[in-house]
Amino acid sequence: MPGELSPKTPYAKPLPDPNPVTQPFWDAAKEHRLRLQRSRKTGQFIHYPRAVSPFGANDELAWEDVSGRGHVWSYTVARRATAPQFESDVPYVIAIVELEEGPHLTANIIDCDPDTVRVGLPVEAAFVDVTPEITLVQFRPRSAPAE
Amino acid sequence: MSDYTVKDKVAVVGIAETTYYKRGGAPISEMQLTLQAIIGAAQDAGIDPRQIDGFASYSNDRNDPPRLAAALGCEDVSFSNMFWGGGGGGGSGAMANACAALVAGYSKYVVVYRGLAQGQFGRFGQGTQAKTVSGAPAYTAPYGLMSPAQSFAMRVQRFMHEHNGGHAAQKAISLTSYAHAQRNARAVMHGSPLSPEAYDGARWIVEPFRLFDCCMENDGAAAVILTTVERARDLRQKPAIVIAASQGSDYRQAAPAHNAPDYATSNFKTVAKRLWGMAGISPKDVDVCQSYENFTGGVMMSLVEHGFCGPDEVDDFMTTENFRFDGGKLPLNTSGGNLAECYMHGLELITEAVRQVRGTSTAQVKNVDISMVCSGPMVQPVSDLILRA
């Protein structure tokens, strides 16, 4: 799992570099909120963040908080690290989470035994402060069954 | 049939490859390997290498045509082409582009080539060492999601979930490649057979891929020379005639952060449709198939999307019995392919498809009329090729 912030050891894993389009996502994450863009025209939430709506030119995208609840849509257990910074994490779970609001996010499933992860596992957002500037949106299993 | 087709107009007339090495094992430079393969293909065809006037490759091959043509002494270069996209999705695409150049009359002899010495340059699939990542990777790399193996694993895992099967199919695909490689002295894994027990006992790389579900890493080069069917008649080899070549990518398959609308796919749905349309044949007509194995799960989905079996039948249809060169329903990867012959980025699958048409494979299928290649599952774009005797 991505390590907690430690003042003595600099964070060694790749960090997201927010740009003007993605900044609201990362700003919300820092406040431990999950916020995505929503189409005013269709009401649909989208992810990844975009400068222009995929639903046509006469649409606007507005940032809105979402529940953070969802389920594992697909996953894999990484048993080998592809970069040295992740060697101490193996085995770790990489997943695509389908949010209740629809969009798919990639993240790790943390706070669980990797062997217990299955497609359909109910999860909730977990916010991990990895540096003073960056908080990663992760997911952990939740006890309530999936809708 | 429309006049605007490459069908029956182009033939493969020369093939060659270098010795295939384990990664880091090549004693000469990648450029020299590439030249060796091209010169070998010209000799096989019975032409002077200087007659080559067209070049096509893929996956950002480092050995660019201006340098190759200078080294070969080509009198003129009238076609210089790179198929965009990563992985091995461009193998048959480069063939398709070569066919287009020949039918258009741009060139007379086009070489499709791939040189790859991973030991001399970077490894494919290596994770980023960058401290920060912007754009789409900002939503993947911080989570340790970087390698093709990891990305493709999630496509396959979703397919397995939706269709409740696939582990046995993956195993059969892997065992088949290793079995066929034992007949092929060119194969890096020749002399290293794989037992079902060893497959099951191998370490996980990234679920659902164990070690032997993954392609190798190698050094080497291969080359294929194409010309028009008219010129082919005067050359040394029995021509392998192209009856279809297609390339492409389905709707938003490259959507960032794993957001392709159709996710559990090898990306062949639209490409296969065009392929069968051009060829005018159906899957049951195929005598032998070479299907690109970056990972076995990709082969499984490729075969489904080309119509060889339904998505819920993979474990029943994809067996070592059905994949055998001698009597299988769909002889598969008869040289050992990327898993066990050489990760020549799928160009070794095309040379093998040609050998099957010529009747010179080390795992020769009887009476081959139709020989097929699927290049690069799960990447964008992908491509296909069908040859006939």
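Quick notes on this structure:
- Taken together, the residues in segment A:58-100 that are more than 20 Å from B:ARG158 (Cα to Cα), part of a loop (DSSP other than H, G, I, E, B) and either within 14 Å of another protein chain (Cβ to nearest Cβ) or of a type in the set (Phe, Trp, Tyr) (or both) amount to 5.
- Whichever residue in segment A:52-86 is surrounded by fewer than 18 Cβ atoms within 10 Å (Cβ to Cβ) and of a type in the set (A, V, I, L, M, F, W, C) and, among such residues, is nearest to B:PRO261 (Cα to Cα): A:PHE55
- Taken together, the residues in segment B:149-171 that are surrounded by fewer than 24 Cβ atoms within 10 Å (Cβ to Cβ), of a type in the set (A, V, I, L, M) and within 23 Å of B:GLU348 (Cα to Cα) amount to 1.
- Pair list, Cβ under 9 Å, 6 or more apart: segment B:257-278 residue more than 19 Å from B:MET300 (Cβ to Cβ), other residue β-branched (Val, Ile, Thr) and part of a loop (DSSP other than H, G, I, E, B): B:ALA257/B:THR140; B:HIS258/B:THR140; B:MET278/B:THR5; B:MET278/B:VAL6
- Of all residues in segment B:138-160, those that are touching a residue at least 24 places away in the same chain (Cβ under 8 Å), in a helix (DSSP H, G or I) and of a type outside the set (Val, Ile, Thr) total 13.
- Some residue of segment B:255-268 being among the aromatic types (Phe, Trp, Tyr), farther than 29 Å from B:MET31 by Cα and away from chain A (no Cβ under 12 Å): yes
- Residue match in segment B:113-120 (condition: buried (at least 19 other Cβ atoms within 10 Å of the Cβ), more than 8 Å from chain A (Cβ to nearest Cβ) and touching a Cys at 6+ places or on another chain (Cβ under 6 Å)): no
- Listed by first and then second residue, the pairs linking a residue in segment B:219-243 that is more than 25 Å from B:TYR58 (Cα to Cα) to a residue that is surrounded by 24 or more Cβ atoms within 10 Å (Cβ to Cβ) and modelled with pLDDT of 95 or more, with Cβ atoms under 7 Å apart and 6 or more places separating them unless they lie on different chains, are B:LEU235/B:VAL13; B:LEU235/B:ALA45; B:ARG236/B:ALA45; B:GLN237/B:VAL13; B:GLN237/B:GLY14; B:GLN237/B:ALA45.
- Members of segment B:274-329 that are in contact with a strand residue (DSSP E or B) (Cβ under 6 Å, 6 or more places away or on another chain) and surrounded by fewer than 16 Cβ atoms within 10 Å (Cβ to Cβ): B:ARG274, B:ASP285
- All helices (runs of 4 or more DSSP H) inside segment B:183-296 with 2 or more residues being under 22 Å from the mean Cα position of the chain (by Cα) and closer than 22 Å to B:VAL10 by Cβ: B:269-279
- Residue list for segment A:31-51, restricted to those being within 14 Å of another protein chain (Cβ to nearest Cβ) and either among the aliphatic types (A, V, I, L, M) or surrounded by fewer than 14 Cβ atoms within 10 Å (Cβ to Cβ) (or both): A:LEU34, A:LEU36, A:ILE46, A:ARG50, A:ALA51
- When residues in segment A:59-85 are screened for being more than 16 Å from A:ASN108 (Cα to Cα) and modelled with pLDDT of 95 or more, 9 of them pass.
- So B:GLU207, is it touching a Ser or Thr at 6+ places or on another chain (Cβ under 9 Å) and more than 23 Å from B:MET344 (Cβ to Cβ): yes
- Residue check: A:ALA144 meets all listed conditions (1) surrounded by fewer than 17 Cβ atoms within 10 Å (Cβ to Cβ); (2) over 17 Å from B:TYR139 (Cα atoms); (3) at pLDDT 95 or above but one, namely (3).
- If you go through segment A:97-113 and keep only what is out of contact with any helix residue (DSSP H, G or I) (no Cβ under 6 Å at 6 or more places or on another chain) and buried (at least 17 other Cβ atoms within 10 Å of the Cβ), you end up with A:VAL97, A:GLU98, A:LEU99, A:GLU101, A:PRO103, A:HIS104, A:LEU105, A:ILE109, A:ILE110.
- Single residue of segment B:130-162 satisfying the filter (out of contact with any helix residue (DSSP H, G or I) (no Cβ under 8 Å at 6 or more places or on another chain) and more than 7 Å from chain A (Cβ to nearest Cβ)) that is farthest from B:PHE295 (Cα to Cα): B:GLY135
- Subset of segment B:30-75 [more than 23 Å from B:ARG355 (Cβ to Cβ) and either assigned to a loop (DSSP other than H, G, I, E, B) or modelled with pLDDT under 95 (or both)]: B:ASP48, B:ASP53, B:ASN60, B:ARG62, B:ASN63, B:ASP64, B:GLY73, B:CYS74, B:GLU75
- Residue check for B:ARG203: within 14 Å of chain A (Cβ to nearest Cβ), charged (D, E, K, R) and surrounded by fewer than 24 Cβ atoms within 10 Å (Cβ to Cβ): yes
- Restricting B:ASP219, B:ASP234, B:ASP250 to those that are surrounded by 24 or more Cβ atoms within 10 Å (Cβ to Cβ) and either under 30 Å from B:PHE79 (Cα atoms) or among the hydrophobic types (A, V, I, L, M, F, W, C) (or both) reduces the list to B:ASP219.
- Among the residues making up segment A:101-147, those that are facing chain B (nearest Cβ under 10 Å), assigned to a strand (DSSP E or B) and not hydrophobic (A, V, I, L, M, F, W, C) are A:HIS104, A:THR106, A:ASN108, A:GLN138.
The values are calculated or read from the model by the stated rules, or taken from the named source; none is laboratory data. Because the structure is a prediction, the values reported are computed rather than measured. Cβ: placed from backbone, ideal geometry, glycine included. Neighbour counts: every protein chain shown.
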